[in-house]
Amino acid sequence: MEEALSAHADLSWMLAAFAFLVLMIFGLALYYGGMLGARNVLNMLSMVMATLAITCVLYVLYGYGLVSGPSVNGWGIIGNPADYIGLSDHLADDGSGGIQVLYIAAWFIMFAAITVAIVASGAAARMKFAAWLVFVPIWLTVVYFPVAHWVFAADSDEGAGGFLLNKVGIHDFAGGTAVHMNSGVAALALAMVLGARGKRMQRPHNVPLVMLGGGILFFGWFGFNGSCAGGANFLTQYVVLNTLLAGSVGMLGFWAIERWREGHVTALGATTGMVAGLVGITPSANTMTPLGAIVVGLLAAAVVGFLMSFKSRLKVDDTLDAFMVHGIGGIVGTLCIVVFAAGSAPAGITGILFGGDADIVWRELTGIVVTCTFSFVMTWLIAKALDKTMGLRVDEETEVAGLDSTIHAESAYEIPAAGVGHSPGLTAKAPTQVPDSPATANY
């Protein structure tokens, strides 16, 4: 009886956490949309929503097997989808009353969708929507599914798992490599192939929208990290507290850099620092004491804020800073494991600062180098191939007018005169409700 109650409790928490994860997609859409100009908001929202839809289909068709299936030939490179195509062999209730394959598939779908959606940062306001719809399934299949297998698939009775987890022995609690480094580096590669936006100045058009999206992300992150504990248990409580601390303190870390660099602090900076702190604690949430989580949040946000000072020198238009926030933030969080991990934390890993074994250094560095190199090279090749075949970038006229009106025939801030929705032949015009002013011009 107690085992059955425990299984039900675990499932209840995991279902709640899943709802948190779904909401993160919408939070990311608002977060990114507010950071763009007013004429490209709906295009970004559409890119994120399309990512979720495509990921759901591919994961059920073959993605689950590629990520979680036994490694082909035991090499640890990619899973075998044979027993998981359409999840058809896993549709019966096993009678346990607990977490089963159907839930795990849905849960992994959200991790995959969030990862690809972050990559949209490198394509914002200038990529053809049709090209994005082609890019997403290719990138999922060629980049995300293999990396997720390397990091998330444990050895089991069914066969070997991914090589980074089982052979190299990296520690990544909730996706610092497969999710954050992977997406951040991919956004950088995609931005390099696409090229920078035009010379027209691009400022966030709606900071409250950015903060709302960031707040939804913060809310969802408790499900993101908390669900990786596998149920309603002490570890869930532990990582939820560490997530809260790192995200909150991340604001202070970024503000410190802003104050030192520019003489003031901003609401946009607070939101960016919060997300950077959350990214940093993602791989390390079960290796840190609460004091360690504070250090992780401060360092991740401060390093991201400091490196953003040199963003203009990179000559790469990663529009929404995915590389800095997710790529660099994920690297900092992983390196914090190497240095600050406390043996008293649930993971039982001791960092070198506290006398841990030095081999933790090469293990985590291997995870960083392999993930970042593979993601960058493969994303660059995919983007180049698509650019040569169908073209990635919209024409200059479309870019200047904004992608909302030209691609989607919609405007974020104007209701069509005929009423809510679309009338036949109606083409939405650029927003007339947002005047050109020092705060809103040149979007």
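Pick the calculated semi-axes √(5λ) of the Cα gyration tensor in Å for this structure from (1) 35, 26, 21; (2) 41, 26, 20; (3) 34, 30, 22?
Computed from the coordinates, semi-axes √(5λ) of the Cα gyration tensor in Å corresponds to (1).
Quick one: 3J(HN,Hα) in Hz for segment 322-331, Karplus 6.51/-1.76/1.60 with θ = phi - 60°, rounded, Gly and Pro as x.
Each residue of segment 322-331 in turn: 5, 5, 5, 6, 8, x, 5, x, x, 5 Hz.
Divide by every residue of the chain the summed helix terms, -39500 (n - 2.57) for each DSSP H run of at least 4, and state the resulting mean residue ellipticity at 222 nm, rounded to the nearest 500 deg cm²/dmol.
-18500 deg cm²/dmol
At a Cα cut-off below 14 Å, give the aspartates and glutamates reachable from Lys128, other chains included and same-chain residues fewer than 8 away excluded.
Result set, ordered by chain and number: Asp387, Asp395, Glu396, Glu397, Glu399, Asp404.
Sort 275-285, 159-169 by the packing proxy (mean of other Cβ within 10 Å over each peptide's residues), most packed first.
Going by the mean number of other Cβ atoms within 10 Å, highest first, we get 275-285, 159-169.
Can you work out the Karplus-derived ³J(HN,Hα) for every residue in segment 183-192? Use 6.51 cos²θ - 1.76 cosθ + 1.60 with θ = phi - 60°, whole Hz, and x for glycine or proline.
Result, rounded to whole Hz: 6, x, 5, 5, 4, 5, 4, 5, 5, 5.
For segment 352-366, just list the computed ³J(HN,Hα) in residue order, Karplus coefficients 6.51, -1.76 and 1.60, θ = phi - 60°, integers in Hz, with x standing in for Gly and Pro.
5, 5, 10, x, x, 5, 5, 5, 4, 5, 5, 5, 5, 5, 4
Among Tyr238, Tyr144, which comes first, second and so on when ranked by fewest other beta-carbon atoms within 10 Å?
Ordered from fewest to most neighbouring Cβ atoms within 10 Å, Tyr238, Tyr144 come out as Tyr238, Tyr144.
List the trypsin sites (Lys or Arg not before Pro) within segment 338-401 that DSSP assigns to loop and that have no more than 15 neighbouring Cβ atoms inside 10 Å.
none
Which length gain, in nm to one decimal place, applies between Arg261 and Glu397 when the Cα-Cα distance is subtracted from 0.36 nm times their residue separation?
Full extension of this stretch gives 45.3 nm more.
Can you tell me the order of 48-58, 241-251, 329-339 when each peptide is scored by its average per-residue count of other Cβ atoms within 10 angstrom, highest first?
Output ranking for 48-58, 241-251, 329-339: 329-339, 241-251, 48-58.
What are the residues whose amide H is under 5 Å from the amide H of Met127, where those residues sit 5 or more places off or on another chain and H is modelled from the backbone?
Sorted by chain and number, the residues that satisfy this are Val394.
Name the most mobile residue of Arg39, Arg203, Arg259, meaning the one with the largest mean-square fluctuation, in a Gaussian network model of the chain with Cα contacts below 10 Å.
Of the options given, Arg259 has the highest mean-square fluctuation.
Among the chymotrypsin sites (Phe, Trp or Tyr not before Pro) in segment 27-85, which ones are in a DSSP loop with at most 10 other Cβ atoms within 10 Å of the Cβ? Mind listing them?
none
Full extension from Trp75 to Arg203: what is 0.36 nm times the residue separation minus their Cα-Cα distance, to one decimal in nm?
Between Trp75 and Arg203, full extension yields an extra 41.4 nm.
Tell me, how many Å apart are the Cα centres for segment 130-180 and for segment 234-254?
Comparing the Cα centres of segment 130-180 and segment 234-254, I get a distance of 25 Å.
If amide H atoms are built 1.01 Å from N in the plane of the peptide, which residues on other chains or at least 5 residues away come under 5 Å of the amide H of Phe173?
Excluding prolines and chain starts, which carry no amide H, the hits are Ser284, Ala285.
Which distance in Å, rounded to a whole number, links the C-alpha centroids of segment 281-355 and segment 1-34?
A separation of 24 Å, based on Cα centres.
Read-outs throughout are calculated quantities, based only on the coordinates presented, and are distinct from any laboratory measurement. Computed from a predicted structure; not experimentally measured. With ideal geometry, Cβ positions are generated from the backbone for all residues, glycine too; neighbour counts draw on all protein chains shown.
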